[in-house]
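Inspection log for the structure reproduced underneath, given as structure tokens.
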Amino acid sequence: MKMLSTKHLLGIKELSKEDIELIHETALSFKDVINRPIKKVATLRDITIANIFFENSTRTRLSFELAEKRLSADVVNFSSSSSSVKKGETLLDTINNILAMKVDMIVIRHASVGVPHFLANRINANIINAGDGTHEHPTQALLDTFTIRQKFGKVEGIKVAIVGDILHSRVALSNVFALKKLGAEVMVCGPKTLIPMHYKMLGVEICHDINFALSWCDVANVLRIQLERQESAFFPSLREYSQYFGINSKMIKNLEKKITILHPGPINRGVEINSDVADSDQALILEQVENGVAIRMAILYLLASQNKL
């Protein structure tokens, strides 16, 4: 059996191309599972997994929980708003107390960059990064590249434009790492104030013209404006952002080719994308959600398999 090269999923940066391809191949099998009448296998029936989310989440948290239950794992959900963290307990003490209850794997989302890496060096359990600040969101990149692979039969050579709030997006960075490792061509597009300078060193093209980006790409991965992470104004208004970078059906129809639209959610309709595009047959947004369960099942299975050796 093929194995991942790492005990944890901390970020795409730590994965090899072979790791990503193995996760994709394993997810194909699990996608068949979640589409059959009985959507459950007993693969992880002896594993206990804790979902520890210090930030709000709908899709990612539900997707992980469904993936865990589809694999027959025991699941514990932790909410920081009702925990002893509010009483001054440290993060490490909280995690160690959870592990003392014989938890095998930790899925964690935290607002601070590097928390999964910090824990991986200090506790004896598999860590899966469900998003750390503005750093990485590896499972989103894995499901996005998996969706592209299912659409085109490959990722290598596909032109992908990542459009929107690149500066505050962990999805953007993880996608760049994954796409580049799989041989895709990558462009980031948005206002100059929302594209960090270090992206020039990542081997991607930088563009500030949405119409050029759309005419160049095969896939547009559209990101929302993350106002909750912005401490100051990076553009005059949402209305102006929508006017210059929002994607509508007229723009899509004027293209010489039919492109594919992705969006990690949540969608701010009428800001970064209009409903007529988000709900069109060119958008694979709901397919991304379905693929997210299969990808997370694959990751959980592959990490748990290492512990059985």
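The values are calculated or read from the model by the stated rules, or taken from the named source; none is laboratory data. Because the structure is a prediction, the values reported are computed rather than measured. Here the Cβ is made from the backbone with ideal geometry for all residues, glycine too, and neighbour counts use every protein chain on show.
A few comments on the model shown:
- Odd one out for Thr60, checked against (1) over 29 Å from Thr90 (Cβ atoms); (2) buried (at least 21 other Cβ atoms within 10 Å of the Cβ): (1)
- Scan of segment 114-161 for residues that are over 21 Å from Leu214 (Cβ atoms), within 17 Å of the chain's Cα centre (by Cα) and β-branched (Val, Ile, Thr), ordered by number: Val115, Ile127, Ile128, Thr134, Thr139
- Flag if Glu156 is touching a Lys or Arg at 6+ places or on another chain (Cβ under 6 Å), without any contact (Cβ under 8 Å) to a residue 60 or more places away in the chain, acidic (Asp, Glu) and over 20 Å from Gly265 (Cα atoms): no
- Residue under evaluation His8, criteria (1) crowded, with 17+ Cβ neighbours inside 10 Å; (2) within 16 Å of Gly292 (Cα to Cα), criterion not met: (2)
- Output for segment 143-165, where each listed residue is farther than 19 Å from Gly203 by Cα, in contact with a His (Cβ under 9 Å, 6 or more places away or on another chain) and surrounded by 24 or more Cβ atoms within 10 Å (Cβ to Cβ): Phe146
- Here segment 179-193 is the region considered, the condition is being under 19 Å from the mean Cα position of the chain (by Cα) and part of a helix (DSSP H, G or I), and the residue that is surrounded by the most Cβ atoms within 10 Å (Cβ to Cβ) is Leu179.
- Here the condition is being at pLDDT below 95 and in contact with a Pro (Cβ under 8 Å, 6 or more places away or on another chain); of Thr58, Thr94, Thr90, it holds for Thr58 alone.
- Filtering segment 254-270 to residues that are within 21 Å of the chain's Cα centre (by Cα), part of a loop (DSSP other than H, G, I, E, B) and more than 20 Å from Ile148 (Cα to Cα) leaves only Asn268.
- In summary, Glu14 fulfils each of the numbered conditions (1) over 20 Å from Ala172 (Cβ atoms); (2) modelled with pLDDT of 95 or more; (3) surrounded by 14 or more Cβ atoms within 10 Å (Cβ to Cβ) with the single exception of condition (1).
- One residue from Ser79, Ser83 being under 22 Å from Asn124 (Cβ atoms), of a type in the set (S, T, N, Q) and either surrounded by fewer than 18 Cβ atoms within 10 Å (Cβ to Cβ) or modelled with pLDDT under 95 (or both): Ser83
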